[in-house]
Structures are given as C-alpha cells and as structure tokens.
Amino acid sequence: MIVAGNWKMFPGPDPAALAARLAGITGVDVIVCPAYVALARCVEAGLTTYAQNVHWETEGAYTGEISAPMLLRLDVGGSLVGHSERRQYFGETDAGVARRAQTALEAGLGVIACVGETQEERDADDMETVLRIQVDAIRDACGVHDRLVLAYEPVWAIGTGRTATPEMAQEAHAFVKSLLDRPVLYGGSVKPDNADELLSQPDVDGALVGGASLDVESFASICEAAARSHS
Ligand code: PGA
C-alpha cells in the first residue's frame with residue numbers, strides 16, 4: 001500500500017508535524033509531493049519526498065524545469081509525472097510524459113505516472129482507448145520497472161468532490177494493470193470517509209491524495225485506512 005499526498009501549488013502542512021503524526025503508522029509507504037521550494041524541508045523532516053514533475057534533460061536552457069540529478073542531490077526519492085493538471089494546463093503530451101518517466105527511472109528516482117480520462121471521454125465510451133494510449137506510452141518507454149507506480153486519476157474526480165465508485169475504480173485499475181503490471185494508486189477526491197471502501201478494492205494499491213493531503217489529520221487518517229486495508 002502506498003499513499004502519496006500531492007500538495008500541488010499549496011504551502012502544505014508543516015513537514016515536521018506531519019512526520020510526527022505519521023510516525024506510528026506501519027504497513028504503508030507514505031510519500032509527500034510538495035512544491036519544489038518545500039522539498040528540502042520535507043526530506044529533512046524524514047518524509048519520503050517526491051517532486052511534482054521532473055524534466056528529461058540533466059541540465060540546460062529549460063526555464064522553469066528541474067532535472068533528476070538535481071532532485072537526487074536533494075535526496076528526493078522520486079517524482080510524479082503526467083498529472084492531469086500538467087496535461088490540461090501546461091500542454092504535456094503522452095510522449096513527453098513517457099520521456100520524463102523514463103529519464104527519472106534511469107537516473108534512479110521512483111516515478112508515479114498519472115493517467116485518467118476526462119468526463120467527455122468517459123461519456124463517449126472512450127475510457128479504455130484513452131487509458132490504453134496513455135499507459136502504452138509509459139510502458140513503451142519504461143517497461144515493467146520496479147520503481148514505477150501508476151496512478152489512475154479520472155480527471156472529472158480531481159478536486160471536484162466527485163469520486164469514482166469503488167466498482168468504477170476497481171474496473172479501471174484492473175484494465176490499467178492488464179496493460180502494465182505495476183501497482184496502481186487511485187486519485188480523485190480521496191477523503192477519510194471514502195478511503196476505506198476505495199482502498200479495499202483488490203486492484204487499488206493505494207491513493208494519490210490532493211486536497212485532503214493538505215491537512216495533517218485527514219491525510220493521516222487516509223494513511224491509517226490504507227494500513228487497515230493491508231492487514
Ligand atoms: P484531489 O486531487 O484529491 O484534490 O481530488 C487528487 C490529485 O490531483 O492528485
């Protein structure tokens with residue numbers, strides 16, 4: 001079981017307070033993904049820390065980007081790639097996402113690669129096609145890598161308070177795993193009150209939590225739900 005908190009462009013909780021609250025929770029790999037400026041503080045607090053994105057070059061004229069070797073020098077353990085907000089607002093493509101993931105893995109980082117369909121795609125019955133295109137790009141670049149984790153995040157469920165039903169999540173996760181056999185986290189409005197039923201699905205291997213990861217107590221209770229579902 002893996003629970004990752006994506007703080008997005010929010011300050012997030014105090015890393016030391018979060019680390020203290022999480023200390024007693026066992027059986028779950030907890031990861032925090034703060035904004036770049038908070039990476040070092042999270043590492044210092046003893047939290048497993050991932051960036052929210054990573055570039056495919058080691059260095060160069062890529063304003064606003066950060067490279068895998070730079071993250072490694074900070075003792076950052078990995079990075080998200082392909083979050084739907086990157087795809088939606090910053091024009092990231094399947095090819096670029098795959099390249100980011102591949103380079104990060106080759107450099108020695110862990111990767112959580114995000115996939116998911118929009119509401120329009122689901123309504124048009126295109127969910128499987130979209131997931132197949134996104135996952136195939138990642139699989140072709142990375143293979144079944146042991147530091148690669150996927151996250152299924154239906155775009156319509158992110159930050160909307162609308163969650164996939166446990167059955168919808170299970171169905172999508174099983175499909176994603178049939179394409180690339182790696183752990184799959186569920187993301188999209190995971191909260192303490194829906195975490196148990198989502199995390200109890202057989203192919204849901206953890207959660208990628210946005211809004212609810214900004215509060216120490218709600219994030220900790222999702223981690224506790226993951227620990228329960230594991231036991
Ligand atoms: P949310 O975000 O939990 O706020 O819906 C999830 C994500 O974007 O990773």
Given the conditions (1) among the hydrophobic types (A, V, I, L, M, F, W, C); (2) in a helix (DSSP H, G or I); (3) surrounded by fewer than 21 Cβ atoms within 10 Å (Cβ to Cβ), report the number of the one that Ala101 does not fulfil.
(3)
I need every pair where a residue in the stretch 98-109 that is on the phi > 0 side of the Ramachandran plot and modelled with pLDDT of 95 or more has its Cβ under 8 Å from the Cβ of a residue that is outside any helix (DSSP H, G or I) and buried (at least 22 other Cβ atoms within 10 Å of the Cβ), sequence separation at least 6 or different chains.
none
With the requirement that a residue be more than 17 Å from Met70 (Cβ to Cβ) and basic (Lys, Arg), what does the stretch 100-122 give you?
Arg122
Applying the selection to the stretch 200-224, what residues are within 17 Å of Thr165 (Cβ to Cβ) and away from the ligand (no atom under 14 Å from the Cβ)?
Ser200, Gln201, Pro202, Asp203, Val204
Name the strands (runs of 3 or more DSSP E) wholly inside the stretch 5-88 in which the number of residues that are without any contact (Cβ under 8 Å) to a residue 40 or more places away in the chain and within 16 Å of the ligand (Cβ to nearest atom) is 1 or more.
48-51, 78-81
Of everything in the stretch 156-170 that's crowded, with 16+ Cβ neighbours inside 10 Å and either without any contact (Cβ under 8 Å) to a residue 24 or more places away in the chain or within 23 Å of Gln88 (Cα to Cα) (or both), which residue is farthest from the ligand (Cβ to nearest atom)?
Met168
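The values are calculated or read from the model by the stated rules, or taken from the named source; none is laboratory data. Because the structure is predicted, anything quoted here is derived from the model rather than measured. Heads up, the Cβs are rebuilt from the backbone with ideal geometry, glycines too, and the neighbour counts pull from every protein chain shown.
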